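S.K.: One structure is given below, represented as structure tokens, and several questions about it will come after.
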Amino acid sequence: MERFVKRREFLALSLAATLSATLAACGAATPTATPPAAGGAAGSTGGKKLKVGLVTDVGSVNDKSFNQSSYEGIVRAQKELGSEIKYVETKDAKDYSKNIDQFVQEKYDVIVTVGFAIGEATLAAAKASPSIKFIGVDQFIASGAELPNLAGLTFEEDKAGYLAGALAAMVTKTKNLGGVFATDTVPPVWRFGEGYRAGIKATDPSVQIQIIYHSDVGLDKTFTDPAWGKATALAMFDKGADIVFGGGGNTGNGALAGAAERKDKGVLCIGVDTDQYETVTEAQPVILTSAIKLLTPGVFNLVKAVQDNAFKSGNVVGDVGLAPFHQQESKVTAEMKARIDKLTADLKSGAVKTGVPPVKP
Amino acid sequence: MTGQATTAGDGPARQLWPLARRAGQAALVPALAIFTALILGAILIWLTTGSLATALAAYGGLWEGALGSPRALAGTLVRSTPYIFTGLAVALAFKCGLFNIGAEGQLALGAVCAAWVGYRFQMPGLLHVPLTILAGIAGGFLWGMVPGILKARTGAHEVITTIMMNYLALQIVQILLSGPLKDPRSVASQTPALAPTSWLPMLIPSLQLHSGVLLAVLVAIAVWWFLGRTIWGFELRTVGVNPAAARYAGMSVARNVVGAMALSGALAGLAGVVEVAGVALDVTTVTPTGNRYFGLGFSSGYGFDSIAVALLGRGNPFGVIGAALLFGGLRAGATRMQFNTQVPGEIISVIQALILLLIAADVIVRRLYRLRAATADEAQPALTSGWGEKVA
């Protein structure tokens, strides 16, 4: 959940400055509400190759995390739809609007912006350029702020946590599972944790659950306390747990590192957000899977929707799932895999519900 | 950078010729260092992308993004402004033989003080703006003074203490922003929005160009005047060149060391002021003027880069302005460069590092272009001063 760390830090500057809005208003070059509006232009983009731009959150397109997964979505659009793609990496949160504006000025068809923190800048740019489609990754669009050319791609963390809990309940030998989370005050983290709890209970009610949120410290420490994450995970192993799910920036990564320390004792851990086998390398021998948000297909599908003239604005819910099992492949039987696949489909269709509300009541 | 120095005409301009020549000579090595770094950067892009055309296009994009339009130019000026202040801060300390690595921390303290005065009080702008600026100056001044006192009293080397105090400053700021100064209505660690009366006036509102750049130029002139035309400046420089001689002449080395560090911190604090009270955040169609506040992660290295800016400017206030414009331009143009060519933005950091390397080891440049060795006049005291000497 590296994401949240960045989120917290850069929320501070979020909505970054600038020009785009003001300039779009005064610049003669800006298309002032070009008449061939939204639905009316049906078919016009059908055969045409789209120009797709992507602006990262502070970071780079090879961060093995959110930025990279989103970027791979437009790379796929390049391969499968022949889109012309380009990216700009944000180096300073004050540059969000400026970076988006690069693509606005060149009249790109689709602009993808990555991360919660760039949301305000995206909203402003979308308002100023109604002829361009915007895709905001991890950006929930509040009611009242909807725009016909803006889609916010978010994910249901509780479902990802549910799948992780179900798998862990099947794999555990000690019938004792742990969860180490950064905080219960940030909804996505809390939803991962409670989804995990629900998944375990539904799969095997006899399993003992130890879930702890690091809410005893301020929001500034809660995501950046790997020492606490590690110590807590180790304490859970001491109390009999054999799998620990770690979530929430470096705090969660600390839990994975704790599991790595006990790799000779046969313990396992579960990562979060993206495939953490790639990001927390020291924990590779003990990572069972990661509860992931499927950013790449999410972004690709939205770009494809623009290509097919089927773009839907507003909040779009992307798919979640479990990452590959890598070195633990042998611990997951074919029967377990089948059950997880069925659960994934049922959660998506609504046949199975996690019972976790969007925010902590 | 050297170009303008060689275009002396007839008449009154003739009298300026020797002055211009000296400026030209002083700027020669930095200009060649920049030139060399840009060439090396181009070769690097060429090698990594396999195309010389990409390298040239990248520089084209850099130029376009930094200077290609009024908006680009405004962006360059806004990003150069904090560099001017932090560059002056490091340069002033150089003159006293001190290597101030603590600009980042001093900037942070200045910013947090300015932000506090900006949001905490309600008063007319005529009073509020100067008080906000003064608060930032005071924050940096006091924070910079500490390593000065440590140096004067105990001989603790300022390089070590200022580095340590950067960490202290960033942690203190973090504590303040997550507790006492935090905006209770926000989930983020940031202060409440500054009152509009405390904002630096805008020069060109549509381009977000604030008046901090004018302040920076005025302060540069003031620093030049202080160092070259006042008795305090003379003392400060004398201590920098030869502390023993200064002491023998009856100057207080300790007082000058403390004073130089404090003034240096005050200048860095001003960089914090312009970033907090000048740069608009949250600009949207609803709030075209944006907001001003101070939050975590806002500085993005203006303090650390300042060492390179000061070295490139040869410690001269006007040289610092030139170097700051270059660094601000590189920062502003990087986006366009990447947009046009998809070259990694890190190439900018590589070019900056190469410039710093070539300036610090100017023998390379002199060898490369067959220039004569540095004269004593051009030598930089800060880089040759000793470690751990007690000055009191």
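The values are calculated or read from the model by the stated rules, or taken from the named source; none is laboratory data. Just so you know, these numbers come straight off a predicted model, no measurement behind them. Virtual Cβ from ideal backbone geometry, glycine too; neighbours counted across all protein chains shown.
S.K.: Filter the range A:71-82 down to the residues that are surrounded by fewer than 23 Cβ atoms within 10 Å (Cβ to Cβ) and more than 14 Å from every other protein chain (Cβ to nearest Cβ), then identify the one that is nearest to residue A:307 (Cα to Cα).
M.R.: Result: A:81.
S.K.: For the range B:98-114, check the following and say yes or no: at least one residue is hydrophobic (A, V, I, L, M, F, W, C), within 14 Å of chain A (Cβ to nearest Cβ) and either in contact with a Leu (Cβ under 9 Å, 6 or more places away or on another chain) or part of a loop (DSSP other than H, G, I, E, B) (or both).
M.R.: Yes: one or more hits.
S.K.: Among the residues of the range A:184-215, write down those that are in a strand (DSSP E or B) and hydrophobic (A, V, I, L, M, F, W, C).
M.R.: Of everything in the range A:184-215, those that are in a strand (DSSP E or B) and hydrophobic (A, V, I, L, M, F, W, C) turn out to be A:209, A:211, A:212.
S.K.: Among the residues that make up the range A:148-157, is at least one of them modelled with pLDDT of 95 or more, of a type in the set (D, E, K, R) and either closer than 23 Å to residue A:272 by Cα or touching a Phe, Trp or Tyr at 6+ places or on another chain (Cβ under 9 Å) (or both)?
M.R.: The answer is no, given that none of the residues of the range A:148-157 is modelled with pLDDT of 95 or more, of a type in the set (D, E, K, R) and either closer than 23 Å to residue A:272 by Cα or touching a Phe, Trp or Tyr at 6+ places or on another chain (Cβ under 9 Å) (or both).
S.K.: On the given criteria, is residue A:51 out of contact with any helix residue (DSSP H, G or I) (no Cβ under 7 Å at 6 or more places or on another chain), touching a residue at least 40 places away in the same chain (Cβ under 8 Å) and in the same structural domain as residue A:305 (by TED's automatic domain parsing)?
M.R.: yes
S.K.: Sticking with this one: Among the residues of the range A:58-67 satisfying the criterion of being within 14 Å of another protein chain (Cβ to nearest Cβ) and not small (Gly, Ala, Ser), which is surrounded by the fewest Cβ atoms within 10 Å (Cβ to Cβ)?
M.R.: Checked the range A:58-67; the qualifying residue surrounded by the fewest Cβ atoms within 10 Å (Cβ to Cβ) is A:62.
S.K.: Right, here's the next one. Restricting to the range A:320-361, what's the tally of residues that are in contact (Cβ under 8 Å) with a residue 12 or more places away in the chain, part of a helix (DSSP H, G or I) and farther than 25 Å from residue A:150 by Cβ?
M.R.: Count: 10.
S.K.: Is it fair to say residue A:130 is more than 14 Å from chain B (Cβ to nearest Cβ) and assigned to a loop (DSSP other than H, G, I, E, B)?
M.R.: So residue A:130 fails the test.
S.K.: Can I ask one more? Does residue A:108 qualify as being buried (at least 22 other Cβ atoms within 10 Å of the Cβ) and within 22 Å of residue A:347 (Cα to Cα)?
M.R.: Against the criterion (buried (at least 22 other Cβ atoms within 10 Å of the Cβ) and within 22 Å of residue A:347 (Cα to Cα)), residue A:108 does not qualify.
S.K.: How many residues, within the range B:319-328, are more than 14 Å from every other protein chain (Cβ to nearest Cβ) and within 28 Å of residue B:113 (Cα to Cα)?
M.R.: Of the residues in the range B:319-328, 5 are more than 14 Å from every other protein chain (Cβ to nearest Cβ) and within 28 Å of residue B:113 (Cα to Cα).
S.K.: Is it the case that residue B:324 is under 26 Å from residue B:224 (Cα atoms), at pLDDT below 90 and not hydroxyl-bearing (Ser, Thr, Tyr)?
M.R.: Answer is no for this residue.
S.K.: How many residues does the range B:189-209 contain that are facing chain A (nearest Cβ under 10 Å) and crowded, with 23+ Cβ neighbours inside 10 Å?
M.R.: So the count comes out to 4.
S.K.: Pairs only if they're at least six apart or on different chains, beta carbon under 6 angstrom, first in the range A:172-195 and within 19 Å of residue A:138 (Cα to Cα), second among the charged types (D, E, K, R) and surrounded by 18 or more Cβ atoms within 10 Å (Cβ to Cβ); list them, first residue then second.
M.R.: Filtered contacts from the range A:172-195: A:188/A:157; A:190/A:184; A:191/A:157; A:191/A:158; A:192/A:157; A:195/A:158.
Results for (1) outside the structural domain of residue A:148 (by TED's automatic domain parsing); (2) of a type in the set (A, V, I, L, M); (3) without any contact (Cβ under 8 Å) to a residue 60 or more places away in the chain, shown as yes or no for each residue.
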site	(1), (2), (3)
A:91	no, no, yes
A:96	no, no, no
A:100	no, yes, no
A:104	no, yes, no
A:107	no, no, no
A:110	no, yes, no
A:116	no, no, no
A:128	no, yes, no
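S.K.: Whether any residue in the range A:120-133 is at pLDDT 95 or above and either buried (at least 21 other Cβ atoms within 10 Å of the Cβ) or touching a helix residue (DSSP H, G or I) at 6+ places or on another chain (Cβ under 6 Å) (or both) is what I want to check.
M.R.: Scanning the range A:120-133 turns up at least one residue that is at pLDDT 95 or above and either buried (at least 21 other Cβ atoms within 10 Å of the Cβ) or touching a helix residue (DSSP H, G or I) at 6+ places or on another chain (Cβ under 6 Å) (or both).
S.K.: Same structure again: Within the range B:29-70, how many residues are in a helix (DSSP H, G or I) and over 17 Å from residue B:335 (Cβ atoms)?
M.R.: 23
Yes/no per residue for (1) aromatic (Phe, Trp, Tyr); (2) farther than 19 Å from residue B:279 by Cβ:
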position	(1), (2)
B:110	no, no
B:132	no, no
B:138	no, yes
B:141	yes, yes
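S.K.: A further question on this structure: Across the range A:86-102, which residue is nearest to residue A:308 (Cα to Cα) among those that are within 8 Å of another protein chain (Cβ to nearest Cβ) and part of a helix (DSSP H, G or I)?
M.R.: Per the stated criteria, the residue is A:102.
S.K.: Residue A:317 - would you say it is closer than 30 Å to residue A:349 by Cβ, touching a residue at least 60 places away in the same chain (Cβ under 8 Å), in a strand (DSSP E or B) and in contact with an Asp or Glu (Cβ under 9 Å, 6 or more places away or on another chain)?
M.R.: Yes: the conditions hold for residue A:317.
S.K.: Across the range B:330-367, which residue is farthest from residue B:35 (Cα to Cα) among those that are touching a Ser or Thr at 6+ places or on another chain (Cβ under 9 Å) and away from chain A (no Cβ under 14 Å)?
M.R.: Among those that are touching a Ser or Thr at 6+ places or on another chain (Cβ under 9 Å) and away from chain A (no Cβ under 14 Å), it is B:364.
S.K.: Further question: Of the residues B:142, B:126, B:203, B:176, only one is part of a helix (DSSP H, G or I) and over 22 Å from residue B:104 (Cα atoms); which?
M.R.: B:126
S.K.: Now for a different question. Going by what's in this entry, would residue B:142 be described as within 23 Å of residue B:294 (Cα to Cα), of a type in the set (A, V, I, L, M) and modelled with pLDDT under 95?
M.R.: Here the answer is no, as residue B:142 does not meet what is asked.
S.K.: Now for a different question. Scan the range A:85-102 and tell me whether some residue there is under 30 Å from residue A:184 (Cβ atoms) and at pLDDT below 85.
M.R.: yes
S.K.: On to the next question. Restrict the check to the range B:228-235 and report whether at least one residue is within 12 Å of chain A (Cβ to nearest Cβ), buried (at least 19 other Cβ atoms within 10 Å of the Cβ) and either acidic (Asp, Glu) or not in a helix (DSSP H, G or I) (or both).
M.R.: No, there is no match, as no residue in the range B:228-235 is within 12 Å of chain A (Cβ to nearest Cβ), buried (at least 19 other Cβ atoms within 10 Å of the Cβ) and either acidic (Asp, Glu) or not in a helix (DSSP H, G or I) (or both).
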